[in-house]
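Each value in this text was obtained by applying a stated rule to the coordinates, not by laboratory testing. Since we're looking at a predicted model, the values are computed, not measured. Neighbour counts run over all protein chains shown; Cβ positions are idealised from the backbone, glycine included.
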Amino acid sequence: MEIVQYFSDIQTVLSKQAANSFHWAPLFVICYGLGAVILFPSGVFTLMGGALFGAYLGSALNFMGSMLGAFLCYLVARHMPDSVRLQPIRRFLAKIGSIKPLRHSEFVQVLLLRLAPFVPYSAVNYGSGFARVPMKEYLTASAIGLIPKVVAGTFVGSVSREALASEIPALSDFRITVPLVLFVLIALITIGSERIGRWRSQS
């Protein structure tokens with residue numbers, strides 16, 4: 001019973017916050033962006049955005065927050081001395097160079113990394129800055145590549161909000177089907193790019 005009451009309390013808080021969602025929207029976007037700078041998991045913000053603001057407004061706010069974070073991390077990385085760069089980021093830079101299909105296209109490199117399911121959001125942010133990827137290519141590729149993950153995560157957060165209220169949506173709900181389709185497409189794009197890279201490296 002205590003667990004049920006706990007989740008019921010969470011739902012009550014979410015409902016109250018949603019009623020004033022427009023007042024909290026700017027603060028949420030700023031927190032999302034600053035959270036990226038300190039390596040706070042972006043997925044937490046994305047799910048929270050869906051739970052607090054719903055599928056549509058949440059997607060827009062999450063996208064703005066993720067782009068703000070991408071921009072801030074990039075600026076920090078560009079102005080960070082070589083002596084303080086993190087070793088994990090250096091390993092990430094080595095992976096950037098391993099992308100064979102269009103290794104001369106920085107736009108495509110960033111886009112593929114954004115779409116890759118298991119590449120950390122903040123790693124791409126800082127790694128692109130350390131690699132001196134041109135800002136225009138970086139931001140454009142990020143804007144395109146972040147959309148599928150942001151929309152999918154927001155929809156999942158929106159559904160979880162109703163689940164806490166014991167209103168589990170049907171499997172046919174678009175907020176369930178859309179994330180599934182997006183995840184499949186992301187996986188296919190990632191696998192396809194890797195196979196193309198292997199084929200070109202062998203030819």
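So if we plug the beta-carbon distance of Thr140 and Val37 into 1/(1 + (r/R0)^6) with R0 = 22 Å, what FRET efficiency do we get, rounded to 0.05? Here the calculated transfer efficiency is 0.55.
Inter-label distance, His79 to Ile147: 3.1 nm, where each label sits 7 Å from its Cα along the C-beta direction. Exposure proxy ranking for Arg114, Arg78, Arg132, based on other Cβ atoms within 10 angstrom of each Cβ and starting from the fewest, stands as Arg132, Arg78, Arg114.
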